[in-house]
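Below are the structure tokens for one structure; questions will follow.
Derivation of every value follows stated rules applied to the coordinates shown; laboratory data play no part. Note that the structure is a prediction, hence the values are computed from the model and not measured. Note that we place each Cβ from the backbone using ideal geometry, even for glycine, and neighbour counts take in every protein chain shown.
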Amino acid sequence: MVFKIGIDDAGRGPVIGPMVLAGVLVDEKQEAKLRLIKVKDSKLLSPQRREFLAKEIKKIVTASMVLKISASEIDGFLAKKINLNKVEAIKAAEIINILTKNILKAQVIIDCPSNNITAWQNYLIGHIASKEKVIIKCEHKADVNHPVVSAASILAKVTRDKEIDRIKKQYGVECGSGYPSDPLCVKFLKTPKAKELAKLGLIRKSWQTWSRDNRKQGQKKLIEF
């Protein structure tokens, strides 16, 4: 049986909340079913459609896995000079290691976050436990071109959105989407409540949007190889 694994992320750029990576494992018949329900890049779908498809995807696939990398964990990696592209490779390898545990072989398709696909792929492979089990294909726009990656994109985005909703409800705040381009988010970062969230590890203190408002210097680089 031929298996495929698709992996994609959500929430690389926000100053608030986690980055999320999702992976899905499918066989050929399951991949055909993903096409039938018309999965696509999560950014092209409404929140309601994403929620619906996420439930359908979980019914179809052999297995799925979602990893949440918290704001404080991201800050910790960056403090060690491990940039976000490398963090994503490390976490993608973790997903691959778990999803391939009980299968003999799989093609892994990943939406590559780096401009240097070859270097990023080599770094990823260095963290895979059973390299003989996988054929790695890293490319840009994989979430548009491959249903299995589109499915992962949807699971990642739905999880990320739920985390932001949880933060808003649990702490009684309005922080918008958590992205630096969102005026609601920028406004929130100037409030005392934002400092509370920062102490709880829910804000990426290494981000320029936060450090600028708190009179700190610079932003850790997200990229590149």
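How big is the Kirkwood radius of the chain, worked out from every pair of different alpha carbons and given in Å to one decimal?
The Cα-based Kirkwood calculation yields 18.0 Å.
What base-10 log of the normalised intensity I(q)/I(0) is obtained for the range 1-87 from the Debye formula, alpha carbons as equal point scatterers, at q = 0.22, 0.25 Å⁻¹?
With one equal scatterer per Cα and no solvent, log10 I(q)/I(0) is -1.07, -1.23.
Which of T159, T100, T191 has the fewest other C-beta atoms within 10 Å, and how do the rest follow up to the most?
Ascending Cβ contact count within 10 Å gives the list T191, T159, T100.
Same structure again: I need the semi-axes of the equivalent ellipsoid of the range 26-153: take the C-alpha gyration tensor, multiply each eigenvalue by 5, square-root it, list largest first in whole angstrom.
Semi-axis lengths for the range 26-153 are 25, 18, 14 Å.
Net charge near I136: determine it from the other residues with C-beta under 13 Å of the C-beta of I136, scoring Lys and Arg +1 and Asp and Glu -1.
Charge balance near I136 sits at +2.
Return, in residue-number order, each cysteine of the chain whose C-beta is not under 4.7 Å from any other cysteine's C-beta.
C175, C185
Follow-up. Could you grab the relative contact order for the chain? Cα pairs under 8 Å, six or more apart, rounded to a whole percent.
Taking the mean separation of contacting Cα pairs over the length of the chain, I get 31 percent.
If you average 1/r over every pair of different alpha-carbon atoms in the range 167-213 and take one over that average, what Kirkwood value in Å do you get?
Hydrodynamic radius (Kirkwood, Cα pairs) of the range 167-213 is 10.6 Å.
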